[in-house]
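Each remark here refers to the structure printed beneath this line.
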Amino acid sequence: MTIKNEIQQLPDFLFAMKKYSFIPLTVLVFLYLNTSSVSAQEINPKITSIFLYNFTKYIKWPATAETGDFVIGIMDDSLVETELQRMAARVKVGGTRNIVLRKIAAKDVSAVQGCHILYVSRTEIKSLKHISAAVGTAPVLLVTEGMGLANKGSAISLYIDEESDKMKVELSKKALEKSQLRASSDLLALAVVL
């Protein structure tokens, strides 16, 4: 089986493992990706959507943001949006909260305030400073793709390490604290913490 086929099977593998609640899904994703070679610098949209969903388990939002629907904002990535739509039809955050997706245009950054997670695609990275300023201190987890972006305003950035050809997660504790969010010890242990 090629790595491309393995990655395409990853979401089904993870959802099958859902019944084993004592094994954190994020740990499974990291272990899987760190034992497989990833051949392209672009991260598969399925992988991105799995990470976004699993961040709901390993990030703690303030009490004021823990009721109602769980809103994931997406800036300019229809492939990730499609994968998240599939996922939202099958799972809920915390077992009870519906996932609502919101497409956000870069020119309408004021809409980020109602999101719990904001995923900014590679095509919108040029606006990261502006987007980060719009998030301000709101409890919004700002997630990007690309090495070094956790130092430029993102709270979490996914990337493929060129030397090891493995998936990595950068996490900015400063950005999390600014947004009133806390990462679990499991996530901190697996991430490159800045």
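The values are calculated or read from the model by the stated rules, or taken from the named source; none is laboratory data. Note that the structure is predicted; figures quoted are calculated from it, not measured. Please note: Cβ atoms are built from the backbone with ideal geometry, for glycine as well, and neighbour counts cover all protein chains shown. Note: areas computed on protein heavy atoms with side chains; ligands, DNA, RNA excluded. Shrake-Rupley method; radii C 1.70, N 1.55, O 1.52, S 1.80 Å.
Pop out the carbon and sulfur fraction of the accessible area of segment 45-194 as a percent, whole number, probe 1.4 Å. The nonpolar share, carbon plus sulfur, comes to 51 percent. Between amide H atoms placed 1.01 Å from N, distances below 5 Å from L142 occur with L118, A155, I156, all of them 5 or more places distant or on a separate chain. Once C-alpha pairs closer than 8 Å and six or more residues apart are averaged by separation and normalised to the residue number of segment 128-182, the relative contact order reads 34 percent. In the context of the full set of protein chains, residues of segment 99-173 present 42 Å² of accessible surface per residue (probe radius 1.4 Å, heavy atoms only). Stretched out straight at 0.36 nm per residue, the stretch from E42 to K107 would grow longer than its current Cα-Cα span by 20.9 nm. Here each label is just a point 7 Å from Cα along the line to Cβ, and for K173 and R122 those points are 3.1 nm apart.
Partners of K92 within straight-line reach, counting aspartates and glutamates whose Cα lies under 15 Å from its Cα and excluding those fewer than 8 residues away in the same chain: E66, D69, E83. I want the local charge near S132. Using Cβ-Cβ distances under 11 Å, sum +1 for each Lys or Arg and -1 for each Asp or Glu among the other residues. The answer is +3. For segment 118-194, GluC sites (Glu not before Pro) meeting the loop criterion (DSSP other than H, G, I, E, B) and having at most 11 other Cβ atoms within 10 Å: E162, E163.
Estimated from the Cβ-Cβ distance and a Förster radius of 35 angstrom, the FRET efficiency linking V192 and K60 is about 0.95.
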